Amino acid sequence: MEDKERWHVNCEWIMANMACAPGLGHLTLFNTKKFEKCRELGKRDLIRDYLPHARKNGIHLLPYLNLHWFSYDFAAKHPGWEQLMEDGTPYGRKHPLYGNGTTFCINSPWRDWAFELIKEVMVTGVDGCFLDGPVVFPESCYCEHCRKLFGRVTKQKKMPSFGDWSDPLWKQFVEFRAQSTADFLRDAQAAVHAVNPRGIMFLNGGGYSSYGMRAARDAARAEPYQNFTSSEQFYHASETWDSPYKTLNMARFLSAGKNPSVVFTHHTLSTWHYIPLPPAEMTTAIAQTVAGGANPWFAIFMESMPSRSEEAFEAVNLNTFLEQNETYFTATESAAATAVLLSRRTAYYYLSQQHALVKKADSGKEQDLIMERAQQAVRAGLEEQRKASATILDNEYMGCLDALTFSHVPARVLWDEHIALKQLKGIRTLILPNTACLSREQIRVVTQFVKQGGNLIATFESGFYDEWGVPAKRPEWLKLLGIERVESAFEPSRNEEYWTVVDDALPAFPKNILLPRPLNGLKVRAIRGRQELVRFNNTLGQFYTNLKGLSPYPAVLCSSFGRGRVIYVAAPLFESFNIFHMADFRVLAHGLIKLAAGKAGLQIECQAPGSLAIELRRRPGELQVHLVNVTSDMKRPMEKIIRLANIWITVRAANVKRVHCLRAGTELSYQRVVDKIAFTVPEIMDYEVVIVECRNLL
Ligand SMILES: [Zn+2]
């Protein structure tokens, strides 16, 4: 009753087996003849005892199953189950899980143990179950079962060393690992359905970073075998600057697929598990999850409740609002006209051929009159090249979503699978943030999209490689981007290097203005006659020295093709926004989006600081303007959200009949300005949703 009335949950986990030190995954918390039960429970059956109460209060029960953390003692009783590294060492012996415990292989007979456990949970009558793991850990798995299966699938006798990019078998191994995860899910789902054909099942999945490759996570490949696409986005106290929009970014990524999506928020203060997350952080995580089209989820450690319950309840105040307005948040879809392709193939296989990128740039920090210099690797091999490439990519993806949010550009995320003309309908601008690895078919679709009037912004090495990361010869693609040829890369620099605006077309910058050069850049030659907006300056390589004028290398090119427009940036522009957060990178990106949009203009304009995130979602007959305010005390964890007042917004919308604030419950007056409407939101605390009701033309 408390769960329903105070926490406002409609779906709940309780533990089906133990997930605590020293890896007690083999002990169940419910009665079963087939597994060992946690002795302290005596005759009690946690699931069966609780189920009727949950049902009575309208709560769906989806027990949690720990499928990744097991004790050494249990492993010793089951030889051959552990994940092994190449030298035969079990992964969990070299890297004890959470400090103590090991992990099992999804291709070993352990999988049958796991499916049996899933069936036993389902037999209790619950609605489904949530799988926390299995995880295919980096450097794994080389057990006898994996060796046999890999040999059968690939017809190869040996397995490649982990991360050996020079071995042609390595990419087959990467595929094998991801497919093994998907196969496990398929069979786990079959186990659920064997007991209850309508049973729900989902895995704690991964995000969009290159780590997905190392952990064999792939949201698209797992999609058919689970009911939700979900991932953690926990708050962790950090020594460095931390984006306030991580949850929003994760929600956008997860909700891009066909399944309903869930973002998991740990309701704990980083790794201090018995202290609740500050209300400001908790509320924004929930708000960002919903604004990004996903379902919020939070975990409570009950030990925090006796002393800090008021704080905890305050943190989920927002749930009252969400519960009361559930229909508004159900089955919505993104209405953003700007799309960002977060390519999994690129996250998996991007390995830049530009050797200069592995050079470490000096930090640029000057302290006590001493310059901090970077240590250069003596010889950089393929592994370093992949590391450098993955780092660029991870910063570029995160920086792109953040640069858009700080600029009030609502964005929808696309996966590789979504690059099809039908799916691109409604998209006005497609951004490829160093989406390096594209298939020939994807290149064809994107080219067609532009030809039919779509706008394209591509950075750095977008489309320079095929979907396997192999350098591709694509003269037509380079032509589309305005590139005659690629010569080499600039050496990375965190110090004063520049590029210069060389055209009057950019909205925010006049011609000849000097801007900071991004950390990385490519030396390309432009096709004669293409409009050049920005050009790299000659490299200085030194502080406090005279400028050396413009280089022959264009940095931003603008072309038109068919009915669309193409902007190419010869640098991972967003990477530098993610690292340095400088306004010039964001303003340039925003300017390029505005330029790409042409006469139609931006979908939304707003006079607010970048600490107000705006997302657009829709349901039939309704456009929703989600406003998440993270204006705060300039640190994380945030302690206090500062109220924003009288925020003026214009948004493209047709046939409008009513505009109102869902949270404040107030009507808003609005003006029509050509194909847009303009209104002022009087007050935004942490979260507001403006509903624009439209007359349906159909
Ligand atoms: Zn294995």
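The values are calculated or read from the model by the stated rules, or taken from the named source; none is laboratory data. Model, not experiment: these values are computed from the prediction. Neighbour counts run over all protein chains shown; Cβ positions are idealised from the backbone, glycine included. With ligands, DNA and RNA removed, areas are computed over all heavy atoms of the protein, side chains included. Shrake-Rupley method; radii C 1.70, N 1.55, O 1.52, S 1.80 Å.
General remarks:
- Test: Phe70 is within 16 Å of the ligand (Cβ to nearest atom), surrounded by 17 or more Cβ atoms within 10 Å (Cβ to Cβ), in contact (Cβ under 8 Å) with a residue 40 or more places away in the chain and under 30 Å from Arg147 (Cβ atoms): yes
- Index of the failed condition, Leu602 passing every other in (1) touching a helix residue (DSSP H, G or I) at 6+ places or on another chain (Cβ under 9 Å); (2) surrounded by fewer than 20 Cβ atoms within 10 Å (Cβ to Cβ); (3) of a type in the set (A, V, I, L, M): (2)
- Residue count for the range 395-423, restricted to those that are surrounded by 23 or more Cβ atoms within 10 Å (Cβ to Cβ) and of a type in the set (D, E, K, R): 3.
- Residues of the range 139-187 classified as in contact with a Lys or Arg (Cβ under 9 Å, 6 or more places away or on another chain) and among the polar types (S, T, N, Q), total: 3
- Filtered residues of the range 476-529 (kept if under 28 Å from Lys359 (Cα atoms), assigned to a loop (DSSP other than H, G, I, E, B) and polar (S, T, N, Q)): Ser493, Asn495, Asn520
- Some residue of the range 578-599 being touching a residue at least 60 places away in the same chain (Cβ under 8 Å) and more than 19 Å from Ala403 (Cβ to Cβ): yes
- Residue in the range 109-117 that is closer than 21 Å to Met213 by Cβ, in contact with a strand residue (DSSP E or B) (Cβ under 6 Å, 6 or more places away or on another chain) and within 12 Å of the ligand (Cβ to nearest atom) present: no
- Only strands (runs of 3 or more DSSP E) whose full extent lies in the range 633-676 are considered here, and the ones with at least 1 residues that are more than 27 Å from the chain's Cα centre (by Cα), without any contact (Cβ under 8 Å) to a residue 24 or more places away in the chain and surrounded by fewer than 13 Cβ atoms within 10 Å (Cβ to Cβ) are 670-673.
- Test: residue in the range 570-588 that is small (Gly, Ala, Ser), under 30 Å from Gly453 (Cβ atoms) and surrounded by fewer than 22 Cβ atoms within 10 Å (Cβ to Cβ): no
- Among the residues listed as Glu476, Glu496, the single one being open to solvent by 10 Å² or more (accessible area, probe 1.4 Å) and at pLDDT below 95: Glu496
- Just one of the listed residues (Gly469, Gly426) is small (Gly, Ala, Ser), open to solvent by 10 Å² or more (accessible area, probe 1.4 Å) and in a loop (DSSP other than H, G, I, E, B), and it is Gly426.
- Of the residues making up the range 57-64, one or more are away from the ligand (no atom under 16 Å from the Cβ), under 27 Å from Asn227 (Cβ atoms), surrounded by fewer than 14 Cβ atoms within 10 Å (Cβ to Cβ) and more than 28 Å from the chain's Cα centre (by Cα).
- Being in a helix (DSSP H, G or I) and more than 13 Å from the ligand (Cβ to nearest atom) is a description that applies to Leu51.
- Among all positions in the range 13-25, there is at least one residue which is without any contact (Cβ under 8 Å) to a residue 12 or more places away in the chain, closer than 28 Å to Gly205 by Cα and outside any strand (DSSP E or B).
- Scoring Ala76 on the criteria (1) more than 10 Å from the ligand (Cβ to nearest atom); (2) on the phi > 0 side of the Ramachandran plot; (3) surrounded by fewer than 17 Cβ atoms within 10 Å (Cβ to Cβ) leaves a single failure, condition (2).
- Count of residues meeting criterion [surrounded by fewer than 20 Cβ atoms within 10 Å (Cβ to Cβ) and over 22 Å from Ser230 (Cβ atoms)] in the range 273-283: 3
- Odd one out for Trp170 among (1) more than 10 Å from the ligand (Cβ to nearest atom); (2) within 22 Å of Met15 (Cβ to Cβ); (3) buried (at least 16 other Cβ atoms within 10 Å of the Cβ): (2)
- Hey, Met305 open to solvent by less than 40 Å² (accessible area, probe 1.4 Å), free of Cβ contacts under 8 Å to residues at least 24 places away in the same chain and farther than 15 Å from Ala613 by Cβ or not: yes
- The residue of the range 85-123 that is surrounded by the most Cβ atoms within 10 Å (Cβ to Cβ), among those that are touching a residue at least 12 places away in the same chain (Cβ under 8 Å) and of a type in the set (Ser, Thr, Tyr), is Thr103.
- Test: residue in the range 131-151 that is more than 16 Å from the ligand (Cβ to nearest atom), free of Cβ contacts under 8 Å to residues at least 12 places away in the same chain and loosely packed, with under 15 Cβ neighbours inside 10 Å: no
- Pairs, first at pLDDT below 95 in the range 429-445, second open to solvent by less than 10 Å² (accessible area, probe 1.4 Å) and of a type outside the set (Lys, Arg), C-beta under 9 Å, six or more apart: none
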